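No lab work stands behind these numbers, since they all come straight from the coordinates. What you see is a predicted model, and the numbers here were worked out from it, not measured in a lab. Neighbour counts are summed over all protein chains in view; Cβ atoms, including those assigned to glycine, are modelled from backbone coordinates with ideal geometry.
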Amino acid sequence: PNNEAKSTSSFNHSGMDIYYSNSAFPTNIIKILSVNYYDTYPTGTPAIPVEILGKPVLSQDSQNSNISTKSLPTASYVKNIENDNWTMNYTWYDTKGRAIGSHSINHLGGFTKTESELDFAGAVKKINTYHSRNTQSTEVTIQENFTYDSQNRLLTHTHQVNSNPVEVLAENEYNEIGQITNKRIGNGLQKAEYDYNIRGWMTGINKKKLTPNGMDGRLFAYDIRYENPTISDVSPAKFNGNISEVNWMVSSNQKHKRYAYNYDQLNRLRRATFLNPNSTTPLNHMNDEIIDYDLNGNIIYLKRNAAPFAGTTPDMIDNLYYAYNGNQLISIDDTSNNPTGYEGGGGTMQYDTNGNMISMPDKQINQIGYNFLNLPNALNIENTKKKLFHLYRADGSKLKKIFNYLKDDGNTFTTITEYLDGFQYLTTMGTAPNEFDPMEYAYEQEAFIEKILQEEPIAALQFFPTAEGFYDYENNQYIYQYKDHLGNVRVSYKKGTDGLPEITDQNDYYPFGMNIPREEKAIVGLASLYNYK
């Protein structure tokens, strides 16, 4: 046979009791990575609720009920790659067959439960979330409520953590074709105005406040131009959807900044010219970027400027020449002699037979391993002075990151970051060296080594995401974020002690994603701010 049948008895494999016949070819399975159940719930399922938020839960008894969970997915188990711990997910349905609840048991034994109330059309009116890292952790409760207009467009979204006051995350207004035009964020802490052109493309966020006369309380203003650049000699008008120019301003310094873009005949970005329109020398080329490509579309040259530490002449921080073997990058040579940009240069990168990079001398990464999903494995950095490991689930979800730093005194400083259904925990063991910068070593790699964890340390919940940013659980505060049209975080802010918005982090980017140096430094160190689009 080539199909499986459910069984009332189980066989144990990879640390899990599996209620299937194991009769499909091949029967001598080496490792099981995931198991899915349908129609009924498997043995060991947590107690199925009778009702959720006043709505009856669909029964699995198809014999004695006209409607049941028959034909619906009921449970899904996913194994960790590096060990035999599993994540078990269960879904509860209402009598219309719509998912109204879930119960996820993570690989540490903790849980994340959700309860949803839906309206007649299926829009979510309310969500309750209950989370605990493991069986010893304190439960975190989140309550969210949503209201809609007659066209089912979201009007308000409120959020409450535990017994804290209710926070209005967002209040939305729309135009005639359903685009958000105005948004009040964080109990009115900020107002965001969105503009669009006739084609429906976004043309700005608070762009009317992008003036030298003040921003009227806004923290961020952003202007996108297509066919109407300010100076067409620097960047000609684009009528094919390419952006000719972006302008932005942050309230912390109210400096008007601009990038003017030029493209080649294949619509590839060739040059980004940086300007400060309100300065005495607007066209100062401080953060210019110039790119060239080979016939295959690979970058073969990249030049970057940055503002100098002193004076008015821009520093060239990158003058990069890329060498390829086919389409595989083998080296980057930097002739700028400036360490501010690309680290090192000229080292030969090595790859395995799957095309995965296994060493990058320029970044002092001596060795990278990979699992069978081609996700990066353990990294050795600076000749094993620094080691990085990740734990993944078999579906590719990252669960844990372990960073080891061997100090000069022979002691080890370790940080463990855990990712559980959006809740991020941090454990620190040892004393951080004076030169340690968590942003400098924020490598995103994978693996898990059991021997590192001699005992279970205390993990502190750092934060979890919200629709408008994230909730800083350690400091019991909401952090809101302005993002540009690509989803890159530009400004993060919170409610200050005086009740006014306070910027916690701001970021300017080169067109290809590097954070522009020597501008206003980030106050809160967060990874994954740039969206890589």
Taking the Cα centre of the chain as origin, work out the dipole magnitude from +1 charges on Lys and Arg Cβ and -1 charges on Asp and Glu Cβ, in debye rounded to 20. 800
Could you compute the FRET efficiency for Thr27 and Gln367, with r as their C-beta to C-beta distance and R0 at 45 Å, rounded to 0.05? 0.75
Listed here are the pairs Lys191/Lys257; Lys255/Lys494; Lys207/Lys255; Lys303/Lys363; Lys183/Lys398; Lys191/Lys494; which of them are more than 24 Å apart at the Cα? Lys183/Lys398
Find how many whole Å separate the alpha carbon centroid of the stretch 76-137 from the alpha carbon centroid of the stretch 205-260. 43
Within the stretch 250-275, name every residue whose backbone N is under 18 Å away from a label modeled 7 Å from Cα of Thr230 along the Cβ vector. 250-262, 272-275
At most 15 other Cβ within 10 Å, DSSP loop - GluC sites (Glu not before Pro), the stretch 110-193: Glu139, Glu176
Gyration tensor (alpha-carbon) shape descriptor, the stretch 259-376, a/c threshold 1.5: prolate
Could you check the spin-label model distance between Glu382 and Thr428? Points 7 Å from the Cα along Cα→Cβ, value in nm. 1.8
Label Arg98 and Glu139 with points 7 Å out from Cα along Cα→Cβ: what is the distance between them in nm? 2.6
If the chain between Leu155 and Asn213 were fully extended at 0.36 nm per residue, the gain over the current Cα-Cα distance would be 17.7 nm
Output the relative contact order of the chain, whole-number percent, from Cα pairs under 8 angstrom with separation of 6+ residues. 6
Of Lys79/Lys400; Lys31/Lys79; Lys55/Lys79, pairs whose Cα-Cα distance is over 21 Å: Lys55/Lys79
Quick calc: nm separation of the 7 Å Cα→Cβ label points for Tyr196 and Ile300 -> 4.2
